[in-house]
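Step one of this worksheet: look at the structure below.
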Amino acid sequence: MTQQFQDFLSKRTLSMRKNQIREILKVVSQPGMISLAGGIPAPETFPIEDLYRINETVLNRYGAAALQYDLTEGFTPFREALVSYLGAKEIDVSADEILVFNGSQSVLDTLGKVLITPGDTIALETPSYLGAISAFSAYEPSYASIATDDEGILPESLEETLDRQRVKFIYLVTTFQNPTGRTLSAARRQQVAEVVKRHGALVVEDDPYSDLRYRGEAVPPFYTYAPENTVYVSTVSKVFAPGLRLGFCIAPPLIKEWLYTAKQGADLHSNTYAQALATEYICGGYLDKQLPRIIELYRPRQEAMLAALDANMPAGYRWTKPDGGMFIWVEGPDGVDAEALYWKAVEQKVAFVPGKYFFIDPADGLPTMRLNFTRAHEEAIVKAIGNLGQVAREFASE
């Protein structure tokens, strides 16, 4: 019976990929499991007490309008609130230039719908965000990998890629990248922007993590270096409430017009009430109050993980040391299969994400793993990394 409607499926389904992280997360519910896997905000960061007041303000201020169908481009007060939010990041736009979506994942899917013709090439940093690969793959592109180092993509590698073939767009997570935690440096952003402008290329900049900075100076979004060549994508999920599913983008006029048209056909508009809540969260000063609390919660968790890695991982392993974000990227010695190590770690009640799922060719990422530190308390992190280090040592001795 499971094959009854096989012939009804579109050819596009052959290109769709299950989100392997979602599959891996199924083990997280096991009793006693310490999850360093999903990129999930800590529930302690959700402003639950404030939401009682925000709810009341929304109903008093907007009334039935917060419960009604609304504009495809987004609830006007929310877009106006985003103008000041983005202004603090040195992005100078008007409310009319912003499109609101049901989470940034929806932006990525819609970009795939309006930009990708089967066979088009998308250039990605290596490794890259699995959710983007999943969103784009449904539209049947091919991929070109751009080499990276600790400062992000290498401009010369991007130049070679653009010289060699026609690239429909370049997808980058520029700040505290998922999965590596790396940040494209300011100097590197300028160099990449020059390459992009010289080639008339298009960049999709995904920026969900830049608010989560624990040390160092903020770097302006790549958009500020090449606004006419960039689609800027972001979200309030990491600093408000991910379940509300609010993302947004800024795009060159022609692309914005087609994103708007595609969104009309997909869902008419995003959740009005959620946008009203986010409006008051920003305009009422709650975000300014909550963000330092979030950072003070996450910073010691990251520091605990880095210290535990130093103390417990065997020789041959190296890892990133980001100034913020949600992830630390670990690279093991050649010959390590991190997925096999994962299953041994699960037996010791530790879960993480094998890094190969973030590569176009999984064989390129066999010895890698992504660790998340935002969901677990420091004591649990120290215990988990201790167990992971023991598993890695045993794995190496086999």
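Every number here is computed from the coordinates shown, using simple stated rules; none is lab data. None of the values given here were measured: they were computed from a predicted structure. Note that each Cβ is placed from the backbone with ideal geometry, even for glycine, and that neighbours are counted across all protein chains shown.
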Note to self: Quick check on the chain: helices-only [θ] at 222 nm, where DSSP H runs of length 4 and up contribute -39,500 (n - 2.57) each and the sum goes over total residues. Nearest 500, please.
What the structure shows: -13000 deg cm²/dmol
Check: Once fully extended, how much extra length lies between GLU217 and LEU14, figured as 0.36 nm per residue of separation less the alpha-carbon to alpha-carbon distance?
Finding: 68.7 nm
Margin query: Test of understanding: what is the full-extension gain from ASN60 to GLU194, defined as 0.36 nm times their sequence separation minus their Cα-Cα distance?
Written below: 43.3 nm
Check: Which lysines have a Cα lying under 18 Å from the Cα of LYS383, excluding residues fewer than 8 positions away in the same chain?
Finding: LYS344, LYS349
Next item on the list: For the pairs LYS26/LYS113; LYS197/LYS263; LYS89/LYS263; LYS263/LYS289; LYS197/LYS256, note any where the Cα-Cα span goes beyond 23 Å.
Entry: LYS26/LYS113; LYS197/LYS263; LYS89/LYS263; LYS263/LYS289
Next item on the list: Could you work out the relative contact order of the chain, using alpha carbon pairs under 8 angstrom and six or more residues apart, expressed as a whole percent?
Entry: 23 percent
Notebook entry, point to check: If R0 is 41 Å, what FRET efficiency do you get for ASP267 and GLU394 from their C-beta distance, rounded to 0.05?
Noted result: 0.25
Checklist line | For region 175-304, Kirkwood radius (reciprocal of mean inverse C-alpha pair distance, Å) | finding: 16.7 Å
Next item on the list: Would you mind telling me the antiparallel percentage of the DSSP bridges in the chain, rounded to 5?
Entry: 55 percent
Checklist line | Per-residue HN-Hα couplings for region 318-333 [Karplus 6.51, -1.76, 1.60; θ = phi - 60°; Hz; x = Gly/Pro] | finding: 9, 8, 6, 10, x, 8, x, x, 10, 9, 10, 9, 10, 10, x, x
Note to self: Going by average Cβ density within 10 Å per residue, which order do the peptides 314-320, 273-279, 223-229 take, highest to lowest?
What the structure shows: 273-279, 223-229, 314-320
Checklist line | Label-to-label distance, nm, for residues given as ILE48 and GLU90 (7 Å Cα→Cβ offset) | finding: 3.9 nm
Checklist line | Isotropically averaged projected area of the chain, using the convex hull of Cα atoms (one quarter of hull area), nm² | finding: 21.0 nm²
Item checked: Distance between modelled label sites at PHE5 and ASP149, nm, 7 Å Cα→Cβ extension -> 5.2 nm
Note to self: Quick query: amide H of VAL231 versus all other amide H atoms, modeled in the peptide plane; which residues come in under 5 Å with a sequence gap of 5 or more or a different chain?
What the structure shows: VAL203, VAL204, GLU205
Next item on the list: Diagonalise the Cα gyration tensor of region 53-286 and give the resulting equivalent ellipsoid semi-axes, square root of 5 times each eigenvalue, largest first, whole Å.
Entry: 31, 20, 14
Item checked: Electrostatic dipole magnitude of the chain [Cβ: Lys, Arg +1; Asp, Glu -1; Cα centre; debye, to 20] -> 640 debye
Check: Computed FRET efficiency, Cβ-Cβ of ALA363 and GLU156, R0 22 Å: what is it to the nearest 0.05?
Finding: 0.35
Notebook entry, point to check: What number, in nm² with one decimal, is the all-direction average of the projected area of the convex hull of the alpha-carbon atoms of region 311-398?
Noted result: 5.8 nm²
Notebook entry, point to check: Where does the Debye-calculated log10 I(q)/I(0) of region 42-162 sit at q = 0.10, 0.12, 0.14, 0.17 Å⁻¹, using only Cα point scatterers of equal weight, no solvent?
Noted result: -0.53, -0.73, -0.91, -1.11
Next item on the list: Mind checking which of ALA64, TYR260, PHE78 is farthest towards the positive end of region 53-286's charge dipole, using Cβ charges of +1 (Lys, Arg) and -1 (Asp, Glu) about the Cα centre?
Entry: ALA64
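What's the extension gain from LYS26 to ALA186 if we count 0.36 nm per residue and subtract their Cα-Cα distance?
Values: separation 160, 0.36 × 160 = 57.60 nm, distance 3.85 nm.
Contour length minus Cα-Cα distance gives 53.8 nm.
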